[in-house]
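Visitor: Handing you a structure now.
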Amino acid sequence: MNTIDPDGVDIVVPLYRAAHGRTGDKGDRSNISVIAWHADLWPLLVEQITPEAVATQFRHRAPSRVQRFVMPTLQAMNFVLDAVLDGGVNDARNLDTHGKSLSFLLLDMPLRVPAALRHRLVGPDAG
Amino acid sequence: MTDPAPSTVTAPSLLIGCAAGFSGDRTDVAAAVVDTLIARLGPIAPATGSDPTAPPALPRAFLIFETLAERTLALAQLRRRADPEAGYEPLLDLMLRPVLARCLAHGIGIVSNFGAANPRAAARHILRLARELDLPAPRIAVLEGDDLSAPGFRDLLRERIGATLDDLRIVSANAYIGAEPIAAALRAGAQIVVCGRVADPSLTVGPAMAHFGWAADDWEKLGRATMAGHLLECGAQVCGGYFADPGFKDVPGLDQVGFPIAEIDAEGRCTIGKSEGTGGFVNEATVKEQLLYEVHDPAAYLTPDVVADIAEASVSVVGADRVALAGVRGHARPTHYKVNVCHEGGWLAEGEISYAGARAEGRARLAADVLRERLPALDLRVDLIGAVSILADDTGRMLAATPDAGVRDVRLRVAATHHDRAVAETLGREVTALYTCGPAGGGGVRCSLTPRLNTISCLVPRDAVPVGFEMIREAA
């Protein structure tokens, strides 16, 4: 997924190389944190991982609402996705009724990163 | 906004360790938490005089076990229906037996929601355990008021939920009650507080209120202690549990991952550490993930005790496996309790069959098509485990958008719900029939049929839910 832009300035990497996170659930609502691995990467997350982009990534779950809460002091964002758990832990037919795996769907989103920040990314380049 | 400067005369800080983050957590982890608490507490001061009329001292530190998730209590209520002495945490004995004697000897209080649907029976079990271990009977308080399943609360619930309630077969109805009755029980001398449904952070806030003498409307302190409790309440999740991702987030010693210990000061600020001699770690990343776990609006984390606010919180490493949390605020608590009502929800039927080798995914997809044709009365969820499963949706949008990738090891899973058991049962029969009537090479059929529990949430005014505690002295 790592591709060099034609102008050689940006690379595109999966979000999990720039951020980490965890999913929580209450009822039919999922919350997913996106936490910058490094301060230099934080502005990229705020700029690119928008509620609209997240709603697109989760379109098959048809969220009724996606809210984003930005916490600069933690360099973290909290995404709250309504009605994405097929009814929640007691109603869904999914094996993962809590939606605990969903952070990995969000962290698969593509992120454009200036090549100069490549050294701030975690994991191997092929990751 | 800044935290208050440390005052020159401060009450000693309070240590609270957590040894369970859910019902079913590891039962061999409490010993290391208690060992660490004892090492940090130091020896017990010898009793000066032995005035039998003196009020018992508050515990010097606390051990909490958080064992109730959203559906745990309904399952416990079903067990209590079958056996009036059941309905509390099934692992209670395994959790407490290794540490009860040392906790009592060293003045470590125990606070837990392991009472579930039957706190009194849990208290009786602990008294039996103490006798069996030749310990003096501990002073146990049982929290009351969360259980709203009695007929007397039916009108209250109907008023809040509406007429739909009349058609439901209620299994459990519990208010998330708060820290005040826990603190009151501790002030009255309880060594062990057995709760049913309390808000998870209240297991920490209650001991802190009692220890520091905080008022129930000291919102800033309650807000800070609530987030300390929030960091503790999922056990290992703040110590490197539920964190590891090889090559990206490596965690040493995950098989022996430690459990957390919070050091809370008189202002409610906390430093999170973990049990000594264990695996895992506590760092900024583990604390941030847990801080935001199950949070919605960070400026308004609602509990029965306070509206906690982490919008401007920050974390910093202050030592090896020690992270300080700062910048937490608190606002006036909600006027209502949250109530979860669990009711019978028909049947969940599930069936699985595996395909492997060449064109396995194609054969699994064909089997799913056969099941859809054969089971028109059921709304089937289809998973192709190994290709597309748990990230997908019940309606099948992701599956439909995912072309056959030629996966060579696929387990087909289908699931459906129905109010009529006989209809639900047809799913298992059709999956089993794939042995001889379906695509080639299917094997390993497993089917199950389980009663479902559904949940409705509502809010009820606090004054409609009388809460309190009762001391349980001796086993009957």
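Any read-out appearing in this document is the output of simple, stated calculations on the displayed coordinates, not a laboratory observation. No experiment lies behind these values; they were computed from the predicted model shown. A quick note on method: Cβ atoms are made from the backbone with ideal geometry, for glycine too, and the neighbour counts reach across all protein chains shown.
Residue-wise test of (1) within 28 Å of A:ALA62 (Cβ to Cβ); (2) in contact with a helix residue (DSSP H, G or I) (Cβ under 9 Å, 6 or more places away or on another chain).
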site	(1), (2)
B:VAL328	no, yes
B:LYS338	yes, no
B:VAL341	yes, yes
B:GLY351	yes, yes
B:ALA356	no, no
B:ARG363	no, no
B:ALA377	yes, yes
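Visitor: Only strands (runs of 3 or more DSSP E) wholly contained in the range A:19-127 count here; list those with 1 or more residues that are free of Cβ contacts under 8 Å to residues at least 12 places away in the same chain and within 10 Å of chain B (Cβ to nearest Cβ). Write out each step before concluding.
Guide: Values: elements: A:23-26, A:29-36, A:65-71, A:76-82, A:110-114.
Output list reads A:23-26, A:65-71.
Visitor: If you don't mind, another one. Which residue pairs have Cβ atoms closer than 6 Å, lie 6 or more positions apart in sequence or on different chains, and pair a first residue in the range B:263-288 that is away from chain A (no Cβ under 14 Å) with a second residue that is of a type in the set (Lys, Arg) and surrounded by fewer than 20 Cβ atoms within 10 Å (Cβ to Cβ)?
Guide: The qualifying pairs are B:THR271/B:ARG322; B:GLY273/B:ARG322.
Visitor: Now for a separate question. Does B:ARG80 meet the test of being more than 27 Å from A:ARG29 (Cβ to Cβ), surrounded by fewer than 24 Cβ atoms within 10 Å (Cβ to Cβ), charged (D, E, K, R) and touching a residue at least 60 places away in the same chain (Cβ under 8 Å)?
Guide: Values: more than 27 Å from A:ARG29 (Cβ to Cβ): yes; surrounded by fewer than 24 Cβ atoms within 10 Å (Cβ to Cβ): yes; charged (D, E, K, R): yes; touching a residue at least 60 places away in the same chain (Cβ under 8 Å): no.
No; evaluated as a whole, the condition is false for this residue.
A quick yes/no check of all residues on (1) within 19 Å of the chain's Cα centre (by Cα); (2) under 25 Å from B:PRO201 (Cβ atoms):
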{"site": "B:ASP25", "(1), (2)": "yes, yes"}
{"site": "B:VAL34", "(1), (2)": "no, yes"}
{"site": "B:LEU37", "(1), (2)": "no, yes"}
{"site": "B:ARG40", "(1), (2)": "no, yes"}
{"site": "B:ILE44", "(1), (2)": "no, no"}
{"site": "B:LEU58", "(1), (2)": "no, yes"}
{"site": "B:GLU70", "(1), (2)": "yes, yes"}
{"site": "B:PRO84", "(1), (2)": "no, no"}
{"site": "B:LEU91", "(1), (2)": "yes, yes"}
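Visitor: When you scan the range B:437-456, do you find a residue that is touching a residue at least 12 places away in the same chain (Cβ under 8 Å), under 25 Å from A:ALA83 (Cβ atoms) and among the small types (Gly, Ala, Ser), even just one?
Guide: no
Visitor: Residue under question is B:GLY362, and the condition is that it be surrounded by fewer than 17 Cβ atoms within 10 Å (Cβ to Cβ) and closer than 30 Å to B:LEU78 by Cα; does it hold?
Guide: Values: surrounded by fewer than 17 Cβ atoms within 10 Å (Cβ to Cβ): yes; closer than 30 Å to B:LEU78 by Cα: no.
The answer is no for B:GLY362.
Visitor: Assess whether B:VAL318 counts as being in a strand (DSSP E or B), buried (at least 21 other Cβ atoms within 10 Å of the Cβ) and not aromatic (Phe, Trp, Tyr).
Guide: Numbers: in a strand (DSSP E or B): yes; buried (at least 21 other Cβ atoms within 10 Å of the Cβ): no; not aromatic (Phe, Trp, Tyr): yes.
Answer is no for this residue.
Visitor: Could you count how many residues in the range B:292-339 are at positive phi and within 13 Å of chain A (Cβ to nearest Cβ)?
Guide: So the count comes out to 2.
Quick grid of which residues meet (1) among the hydroxyl-bearing types (Ser, Thr, Tyr); (2) out of contact with any Ser or Thr (no Cβ under 6 Å at 6 or more places or on another chain):
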position	(1), (2)
B:ILE390	no, no
B:ASP393	no, yes
B:GLY396	no, yes
B:LEU412	no, yes
B:ARG421	no, yes
B:THR426	yes, yes
B:ALA440	no, yes
B:PHE469	no, yes
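Visitor: Consider B:GLY277 against the criteria (1) crowded, with 18+ Cβ neighbours inside 10 Å; (2) at positive phi: it satisfies all of them except one. Which criterion is unmet?
Guide: With respect to (1) crowded, with 18+ Cβ neighbours inside 10 Å; (2) at positive phi, B:GLY277 is out only on (1).
Visitor: Right, another one. Quick check: is even one residue across the range B:440-451 farther than 29 Å from B:ALA69 by Cβ and within 31 Å of the chain's Cα centre (by Cα)? Write out each step before concluding.
Guide: Here is the first cut: in the range B:440-451, the ones farther than 29 Å from B:ALA69 by Cβ are B:440-445.
Narrowing the set further to residues that are within 31 Å of the chain's Cα centre (by Cα) leaves none.
No: zero hits.
Visitor: Are any residues in the range B:175-197 within 19 Å of the chain's Cα centre (by Cα) and surrounded by fewer than 24 Cβ atoms within 10 Å (Cβ to Cβ), and if so, which ones? Steps first, please.
Guide: Here is the first cut: in the range B:175-197, the residues within 19 Å of the chain's Cα centre (by Cα) are B:175-179, B:182, B:192-197.
Matches in the range B:175-197: B:TYR176 only.
Visitor: Answer yes if at least one residue in the range B:282-293 is touching a helix residue (DSSP H, G or I) at 6+ places or on another chain (Cβ under 8 Å), part of a loop (DSSP other than H, G, I, E, B) and among the charged types (D, E, K, R), and no otherwise.
Guide: Step one: of the range B:282-293, the residues touching a helix residue (DSSP H, G or I) at 6+ places or on another chain (Cβ under 8 Å) are B:282, B:286-287, B:289-291, B:293.
The next check asks that each one be part of a loop (DSSP other than H, G, I, E, B); those that pass are B:282, B:293.
Within this subset, residues satisfying the condition of being among the charged types (D, E, K, R) are none.
No, that holds for no residue.
Visitor: Here's another thing I want to ask about it. Here are B:VAL194, B:VAL205: which of them is of a type in the set (Val, Ile, Thr) and touching a strand residue (DSSP E or B) at 6+ places or on another chain (Cβ under 8 Å)? Break it down stepwise before answering.
Guide: Details: B:VAL205 fails: touching a strand residue (DSSP E or B) at 6+ places or on another chain (Cβ under 8 Å).
Exactly one of B:VAL194, B:VAL205 is of a type in the set (Val, Ile, Thr) and touching a strand residue (DSSP E or B) at 6+ places or on another chain (Cβ under 8 Å), namely B:VAL194.
Visitor: In this structure, is B:ARG97 surrounded by fewer than 24 Cβ atoms within 10 Å (Cβ to Cβ), basic (Lys, Arg) and within 16 Å of B:GLY24 (Cα to Cα)? First the steps, then the outcome.
Guide: Details: surrounded by fewer than 24 Cβ atoms within 10 Å (Cβ to Cβ): yes; basic (Lys, Arg): yes; within 16 Å of B:GLY24 (Cα to Cα): yes.
So B:ARG97 fits the description; yes.
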